[in-house]
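The values are calculated or read from the model by the stated rules, or taken from the named source; none is laboratory data. Please read all numbers here as calculations on a predicted model, not as lab measurements. Please note: Cβ atoms are built from the backbone with ideal geometry, for glycine as well, and neighbour counts cover all protein chains shown. Keep in mind that these areas ignore ligands, DNA and RNA; they rest on the heavy atoms of the full protein, side chains included. Shrake-Rupley method; radii C 1.70, N 1.55, O 1.52, S 1.80 Å.
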Amino acid sequence: MNIEQYLYVIVSLFILPFYYTSSTIDPTVVIRFIVLSALLILLVLIESFLKFSNAKNATQSIGIPLYALLCGTFLLFSLISLTQATNLAEGFFEFLKSAVFCLYLILSVRILQRMKRKLVLLVKSVIICSFIAAIIGILEYWDFIQIIDCHPFSPGSTFANRNLFSSFLLMTFGFSVYGTLAFKKVWFSLSILSSGFIMYCFLITQTRAVWVAIIFSSIVVLSIIFVGHRKRFRNAIGFKGIRLVSLLLLSMLLFLFHTNYRSTQDNRPPLVQRAITIADTKFDANKQRLVLWEKTLEMIRQNPIFGVGAGNWKVALPGFGLGNMLRTDMSLVEVRPYNDYLLIGSEIGIIGLFFFLSLFVLCIHSAMRIIRDKSRSYHTKLLVSSFLFGISGFLVVMFFDFPEERIEHLVVCGLLLGGIFSLSKKTSALSIKWNHKLTALTSIVVTTFLIACLGFGIMRLNSEVTMIKILAARSSGNWHKVITYSDNIHPLIYSIDHTTTPVAWYKGIALYSLNDFKGALTAFNKAYAVHPNHLHVLNNLGSCHAKLKDYHQALTWYNKALDISPNFNETLLNLAVVFYNTQDYNKALQMILKTEPLENDNRRETYLKAIQNKIKKREVS
């Protein structure tokens, strides 16, 4: 392998999936976006050098493959969707993530085409990568180590979430299975060991989406392989395949018994009980998910062409009402619908979703053609089957989870898609004239764009670090530091935190606490501009107007909050105060009676007593 191929494999499989930072709330997304952007810059520079070294000066005709056109069209709709975005900072970041994924896929195809005879080294690298990730997860499960504190979603290995950890292993699992069927001696043993450890991780993480994906992917891949090739593959796999299945079944039975015991010790549901909840619509997680899907479908119906803007689902969601959510006060904020198809369709529109799905349809079609091609070797077909297993698993998990959001999953997805496209016969969807000048111009534009991605990622990382400082300053009541830190964050880079609360809201709270109500009103208006559906932003806008004796405006903002969540306790209390101050005691009583008593908060009782006293005095007079 040359330096480009070494760089591609090492960074993609041994650096990016394990690189994280403890300085941000999300320890993986932004830092891995930065790593991927840096990798792509180097790969583009190397690719440009290779083109200039081998290309002729004369103008020549080159073909643009269909997958590249699909990527470009998907990115175009993602970019257009930003015109609908309320929050541009989230929109920019989501668009840049999609762009680096598409560039990574295109470069993966070119690199893997040159590695065609050395793809076995890629397979071995993936096996080692998944083996290391699985070992870390198992050691975390048994409390030997803690890489990233992701309680109660552990073990998460280096992925900060057990579901993401499990789905990452699912995407790489096919390579370990390939190794058990194609390798000998040391690599055969390592493949068997890796397969067993990964299966164990599937059990201890209790990720239901992955269990469904394993069944579905196995059925899809086996159906494609054995239809028309039953005898050939049965003879090729032979005793080794039987040995693999036997070992996996044995390990599953042992681990099933062992994991059930450990689940009981940890007060976690036994595996059988966990599996039953997959189809239980009364299960809280499933019920909440169905509500989110229903609201997302309504979002798509209202914004079918260009969506609500890339990255803006979490901003738009409360506008569709929180009344039937498990938490109606935004104390638990949903930032995704747990269905990437609905997420993409709602954010960039159904046409953008169509082109995104077309990329995978093309991949599966290409894989089927390779497997059915009688001129292809058994090992090539087996390798493509392992790619296809990972892709099928990814597509299933996307229906229940959010792998499309994570950088490491996009990298493995790009690797799997790139592997299949690199092995398929070259077909061009479009032919254009090309020369040295266009090559140079393309290289400059792409490199400049990637440097911008890198810069955006670094600034967003710094903003997240500052956000941690804002939260710490707020918890200690240091309002001046909250204001200073908030001013250090640019709203086009980072405008809402992990709970979708605007950065400007924290500044508003600080100014409000310092009795600067006009300054707080300005800050809350800025918060409203980046998240017009945030309950606390609307409530605090009302409170600022109330403090400034503008009760009419206060009522307007409070009613907007109640339109989103009719039983929001804080707003109902504040409305009672406004009606009390405007001497409308009957309405004040109506509002206070709608509230729920809260622990360590006696405002309800105090307000109720004061309102009742005023009503009694009025009745006496």
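How big, on average over all directions, is the shadow cast by the Cα convex hull of the range 455-531, in nm²?
Value for the range 455-531: 4.5 nm².
Report, in cubic angstrom per residue, the convex hull volume of the C-alpha atoms of the range 290-329.
Hull volume normalised by residue count: 67 Å³.
Roughly what % of Cα-Cα distances in the range 345-477 sit above 27 Å, to the whole percent?
In whole percent, the share of Cα-Cα pairs in the range 345-477 beyond 27 Å is 47.
Roughly what angle does helix 119-141 make with the longest principal axis of the chain, taking Cα atoms, 0 to 90 degrees, to the nearest 10?
In the chain, helix 119-141 runs at an angle near 40 degrees to the longest axis.
Hey, what D do you get for the range 1-145 in µm²/s if you plug the Kirkwood alpha-carbon radius into Stokes-Einstein at 20 °C and 1.002 mPa s?
Values: Rh = 17.9 Å.
Reported coefficient: 119 µm²/s.
For the peptides 436-449, 413-426, what is the packing order when you average, over each peptide's residues, the other Cβ atoms within 10 Å and list the highest mean first?
Working: 436-449: 13.8, 413-426: 22.1.
Per-residue mean Cβ counts within 10 Å order the peptides as 413-426, 436-449.
Mind giving me the FRET efficiency for Arg369 and Ile15? R0 is 45 Å, r the Cβ-Cβ distance, nearest 0.05 is fine.
Efficiency, from the Cβ-Cβ distance: 0.85.
Say each of Gln146 and Leu438 gets a label point 7 Å from the Cα, pointing the same way as Cα to Cβ; how far apart are those two points in nm?
5.7
Grab the alpha carbons of the range 552-617, take their convex hull, and tell me the volume per residue in Å³. Intermediate results must be reported in sequence, preceding the final value.
Values: hull volume 4.8 nm³, N = 66.
It is 73 Å³ per residue.
Provide Lys560, Lys547 ordered by accessible surface of protein heavy atoms (probe 1.4 Å), highest first.
Lys547, Lys560
Can you check how the C-alpha radius of gyration of the chain compares to 2.2 N^0.38 Å, as a plain ratio?
It is 1.09.
Starting from the Cα of Glu619, step 7 Å along the direction of its Cβ; do the same at Gln590; then give the gap between the two resulting points in nm.
Here the modelled spin labels are 1.8 nm apart.
Quick one: if you stick a label point 7 Å off each Cα along the C-beta vector at Ser377 and Val335, how many nm between them?
About 4.6 nm separates the two model spin labels.
At a 1.4 Å probe radius, carbon and sulfur cover how many percent of the accessible area of the chain? Before the final figure, lay out each step's value.
Working: 17290 of 27860 Å².
On the chain, the fraction of accessible area on carbon and sulfur atoms equals 62 percent.
How large is the Kirkwood hydrodynamic radius of the range 309-412, in angstrom, based on all distinct alpha carbon pairs?
Answer for the range 309-412: a Kirkwood hydrodynamic radius of 16.0 Å.
Give the angle, between 0 and 90 degrees and rounded to the nearest 10, that separates the Cα long axis of helix 66-80 from the longest principal axis of the Cα atoms of the chain.
Tilt relative to the chain: about 10 degrees.
Return, ordered by residue number, the residues of the range 8-51 whose backbone nitrogen is under 16 Å from a label point located 7 Å along Cα→Cβ of Ile451.
It comes to 37-46, 48-49, nothing else.
Across every pair of different alpha-carbon atoms, what Kirkwood hydrodynamic radius in Å does the range 35-115 reach?
It works out to 14.7 Å.
At a Cα cut-off below 12 Å, give the aspartates and glutamates reachable from Lys425, other chains included and same-chain residues fewer than 8 away excluded.
Those aspartates and glutamates meeting the cut-off are Asp373.
Using the structure shown, list the pairs from Lys381/Lys426; Lys97/Lys287; Lys118/Lys184; Lys518/Lys616; Lys118/Lys185 with a Cα-Cα distance above 26 Å, or answer none. Mind showing how you got there, number by number?
On the way: Lys381/Lys426 17 Å; Lys97/Lys287 30 Å; Lys118/Lys184 17 Å; Lys518/Lys616 36 Å; Lys118/Lys185 19 Å.
With Cα atoms farther than 26 Å apart: Lys97/Lys287; Lys518/Lys616.
Considering the convex hull of the alpha carbon atoms of the range 118-170, report its projected area averaged over all viewing directions, in nm², one decimal. Provide the component values of the computation, followed by the final result.
Details: hull surface 13.9 nm².
One quarter of the hull surface, i.e. the mean projection, equals 3.5 nm².
With all protein chains present and a 1.4 Å probe, how do Lys314, Lys374, Lys616 order by accessible area, largest first?
Details: Lys314 40, Lys374 165, Lys616 125 Å².
Largest to smallest exposure gives the sequence Lys374, Lys616, Lys314.
Among 575-585, 156-166, how do they line up by average Cβ neighbours within 10 Å per residue, starting with the highest? Kindly include the intermediate steps, with their values, before the conclusion.
On the way: 575-585: 18.8, 156-166: 25.6.
Highest-to-lowest ranking by the protection proxy: 156-166, 575-585.
Compute the angle between helix 162-182 and the longest alpha-carbon principal axis of the chain, please, reported from 0 to 90 degrees and rounded to the nearest 10.
Here the helix axis deviates by roughly 10 degrees.
What ranking, highest mean first, results for peptides 590-597, 13-20, 100-107 when packing means the other Cβ atoms within 10 Å averaged over each residue?
100-107, 13-20, 590-597
Per residue, how much accessible surface does the range 83-226 expose to a 1.4 Å probe? Answer in Å², no decimals.
35
Treating only the Cβ atoms of Lys and Arg (+1) and Asp and Glu (-1) as charged, compute the dipole magnitude of the chain about its Cα centre; round to the nearest 20 debye. Each step should come with its number before you reach the end.
Numbers: 60 positive and 35 negative charges, 451 e Å.
With Lys and Arg at +1 and Asp and Glu at -1, about 2160 debye.
Between Thr556 and Asp516, what's the calculated FRET efficiency when r is the beta-carbon distance and R0 is 35 Å? Round to 0.05. Working shown, then result.
Numbers: r = 22 Å, r/R0 = 0.63.
Computed FRET efficiency for Thr556 and Asp516 comes out at 0.95.
Hey, what did the chain get for relative contact order, percent, Cα under 8 Å, at least 6 apart? If you can, show how the numbers build up before the last one.
On the way: 877 pairs, mean separation 124.7, N = 621.
Computed value for the chain: 20 percent relative contact order.
With every protein chain kept in the model, how would you rank Thr466, Thr606 by accessible area, 1.4 Å probe, largest at the top?
So, going from the largest accessible area down, we get Thr606, Thr466.
Equivalent-ellipsoid semi-axes (√(5λ), Cα gyration tensor) for the range 487-621, whole Å, largest first?
Over the Cα atoms of the range 487-621, the semi-axes work out to 31, 15, 12 Å.
Using the alpha carbons of the range 90-207, what is the convex hull volume per residue in cubic angstrom, as a whole number?
On the way: hull volume 13.6 nm³, N = 118.
Normalising the Cα hull of the range 90-207 by residue number yields 115 Å³.
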